[in-house]
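The values are calculated or read from the model by the stated rules, or taken from the named source; none is laboratory data. Here the structure is a predicted model, which is why all the values come from computation and not from measurement. Cβ: placed from backbone, ideal geometry, glycine included. Neighbour counts: every protein chain shown.
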Amino acid sequence: MNILLYSPDNGVTRNFMPHLWMFLLKSLTPPEHKVFLIDGNAQPMTEAEIAQYVRDNQIELCGISAMTRMAARAYRMADAIRSAGAKVVFGGPHVTEVPDEPLGRTDEPRHADAVALGEADHTWPRIIADAAAGRLQEVYKPVNENGKEVKPSLEDYPVIPWETLDLSQFNMMGKVPGAIRTFLRRFTHDWESLYMIPIESGRGCPYGCDFCTVTGFFGDAIRFRSNQSVVNELLSVKRRAKTEHGHMGVFFIDDNFAINVKRTKSLLRDIIDQDARLPWVAQISINLLKDEELLDLIAASGGRWIFIGLESVDAESLKGVNKGFNKPADYKLALDRLAERGIYAITSFIFGMDGDTPGVAQRTQDVVESWPPGLPVYGLMTPYPATPLYDRLRDAGRLTRPKHWLDFRPFRMAYTPDRISIEQAEAEVREAWGQAYSPEAIADGLNRIRKRPYSERTVMFFARLAFRGIYFPQMKRWQWFHLIWQNRRPLLSLTYEAFREMMKHKKALKRMARSDNLEAARKT
């Protein structure tokens, strides 16, 4: 049977980091079946194109997983896939919370033949067997014979063959203009490919923030893979990077990579001891970043960026969404300690909380400017279905768009905040993005780390240009040219510095060659 695993795009930004679920399910698929992978973020398709793809490759079963904000797009693509003759199974957090929606049991048309609820590690092989036998059920639950939910232990985690998988659609160097690739090849052949690979070392989060879907999907029981299993996967990724003369980074997609600090330290030590180091990114709560030994191990093992859900610089707003363990007074110290080790933060903020008032963007920016530069991300509080936040707002009659995901509008509110209007909250997000990613802010950020190594400053510059695209349209070539022109001064400065260092390196090599020749002449 030919199987397609498809992840829809959100129609707004491009994401070239593959979604782990596709590779995990492919590894769990019996070998007699052929699996095709398409990520709409890296390989966008229209409905007509996906339908033709299904027909051309004789796809019989398609698995789709989508976040809530991608649900409407996912449903349209599912309709096209079903029209081409394939059966569609939906999985993931969204359909786990609203399983009747894709099955057409609400006022929404039917978009799926079946849904897989919860984690699909154990149910996916059964879904394939049922589909192959022509007896696909409508609902698959991860339960045992007694009807009790079963969570995968991760002790027998499948091996994902990163060394042999076709990752061409995710090669970020393929998106770099040809002229730049040609220029790089004049000096090095180590940039033929560039990938960001998702790896999980554990699942679950005990915190239960009101707006988050993680606890509802993965549960609050934390489960970990063995250290050796993670290390072996990193070594596999590292071998591929060497074979391809390319670079690979890793994103640990755990919801909280350091939730068990003792275990995280143990894993990082094993990564260091077995030379499995690669540049990596992970999500870690700010309250767990006080341990300086942990910070040292993060740096030594390859940690470069930490995604931190700060959400607000107002302690009262944080308490209102059950995230009072974040202490804004402690933010700066933790971020300074990271930056001292060459680790920078991707900091997320949410506007529209009930404690927010007009001017929240400027108050946030004033605080952020006192920190080391990083990659701030601003969004609006979004009530996801089946979360405590959604239920509370629904019961209070404050939802303005109860099914906002079926009419996805990026950076638009779906409920009425308590102390700020919808229009004001949306304007605050625009202001925050505009201030944080202006040419002046980018230049100022680089100036604040001017004494740090060149590589750190270069990564910071290009990362800020890329992250700007989360809010501002810059998917077209002319938009990038305009962006480069706006930021030409720091770019030219970095380029000149690189050229100067390259010429020093060439001169040093010539001196070494002359010295070697003289030594050889003396010996003869």
Item to check | Boolean, residue 473 is of a type outside the set (Lys, Arg), part of a loop (DSSP other than H, G, I, E, B) and modelled with pLDDT of 85 or more | outcome: no
Item to check | Verdict on residue 271 being closer than 21 Å to residue 220 by Cα and among the hydrophobic types (A, V, I, L, M, F, W, C) | outcome: no
Item to check | Test: residue in region 214-233 that is among the acidic types (Asp, Glu) and out of contact with any helix residue (DSSP H, G or I) (no Cβ under 8 Å at 6 or more places or on another chain) | outcome: yes
Item to check | Residue list for region 114-158, filter: farther than 21 Å from residue 218 by Cα and assigned to a loop (DSSP other than H, G, I, E, B) | outcome: 133, 134, 135, 136, 137, 138
Checklist entry - For region 241-316, which fully contained strands (runs of 3 or more DSSP E) count at least 1 residues that are crowded, with 21+ Cβ neighbours inside 10 Å and at positive phi? => result 303-311
Item to check | Which numbered condition residue 387 fails, given (1) crowded, with 19+ Cβ neighbours inside 10 Å; (2) modelled with pLDDT of 95 or more | outcome: (2)
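Can you tell which of 367, 360 is more than 28 Å from residue 200 (Cα to Cα) and surrounded by 20 or more Cβ atoms within 10 Å (Cβ to Cβ)?
360
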Checklist entry - Restricted to region 1-45, and to residues that are within 21 Å of residue 68 (Cα to Cα) and of a type in the set (Ser, Thr, Tyr), which residue is modelled with the lowest pLDDT? => result 13
Checklist entry - Quick one: is residue 144 without any contact (Cβ under 8 Å) to a residue 60 or more places away in the chain, of a type in the set (S, T, N, Q) and over 28 Å from residue 45 (Cα atoms)? => result yes
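Restricting region 385-408 to residues that are touching a Gly at 6+ places or on another chain (Cβ under 9 Å) and not polar (S, T, N, Q), which is farthest from residue 74 (Cα to Cα)? Give the steps one after another, and end with the answer.
In the first step, residues of region 385-408 are kept if they are touching a Gly at 6+ places or on another chain (Cβ under 9 Å); the result is 386-388, 408.
From what's left, not polar (S, T, N, Q): 386, 388, 408.
Working: 386: 20, 388: 25, 408: 12 Å.
Taking the candidates together, the pick is 388.
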Checklist entry - Can you tell which of 350, 346 is of a type outside the set (Lys, Arg), surrounded by fewer than 20 Cβ atoms within 10 Å (Cβ to Cβ) and touching a residue at least 60 places away in the same chain (Cβ under 8 Å)? => result 346
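Quick grid of which residues meet (1) more than 20 Å from residue 123 (Cβ to Cβ); (2) among the small types (Gly, Ala, Ser); (3) out of contact with any Pro (no Cβ under 7 Å at 6 or more places or on another chain); (4) not assigned by TED's automatic domain parsing to the domain that holds residue 75:
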{"position": "20", "(1), (2), (3), (4)": "no, no, no, no"}
{"position": "26", "(1), (2), (3), (4)": "no, no, yes, no"}
{"position": "34", "(1), (2), (3), (4)": "yes, no, yes, no"}
{"position": "41", "(1), (2), (3), (4)": "yes, no, yes, no"}
{"position": "47", "(1), (2), (3), (4)": "yes, no, yes, no"}
{"position": "51", "(1), (2), (3), (4)": "yes, yes, yes, no"}
{"position": "58", "(1), (2), (3), (4)": "yes, no, yes, no"}
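With respect to residue 111, is the statement that it is part of a loop (DSSP other than H, G, I, E, B), at pLDDT below 95 and not small (Gly, Ala, Ser) true?
Judged against the criteria, residue 111 is not a match.
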Checklist entry - What residue, among those in region 333-362 that are at pLDDT below 95 and among the charged types (D, E, K, R), is nearest to residue 427 (Cα to Cα)? => result 356
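Only one residue in 154, 234, 184, 194 is touching a strand residue (DSSP E or B) at 6+ places or on another chain (Cβ under 8 Å), modelled with pLDDT under 90, surrounded by 12 or more Cβ atoms within 10 Å (Cβ to Cβ) and aliphatic (A, V, I, L, M), so which one is that?
Exactly one of 154, 234, 184, 194 is touching a strand residue (DSSP E or B) at 6+ places or on another chain (Cβ under 8 Å), modelled with pLDDT under 90, surrounded by 12 or more Cβ atoms within 10 Å (Cβ to Cβ) and aliphatic (A, V, I, L, M), namely 194.
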Checklist entry - From the list 74, 48, which one is surrounded by fewer than 17 Cβ atoms within 10 Å (Cβ to Cβ) and hydrophobic (A, V, I, L, M, F, W, C)? => result 48
Checklist entry - In this structure, does residue 393 turn out to be at pLDDT 95 or above, more than 26 Å from the chain's Cα centre (by Cα) and either under 25 Å from residue 466 (Cβ atoms) or buried (at least 20 other Cβ atoms within 10 Å of the Cβ) (or both)? => result yes
Checklist entry - Tally time: how many residues in region 88-103 are more than 20 Å from residue 24 (Cα to Cα) and either under 23 Å from the mean Cα position of the chain (by Cα) or not aliphatic (A, V, I, L, M) (or both)? => result 5
Checklist entry - Does residue 321 qualify as being crowded, with 20+ Cβ neighbours inside 10 Å, at negative phi and in contact with a strand residue (DSSP E or B) (Cβ under 6 Å, 6 or more places away or on another chain)? => result no
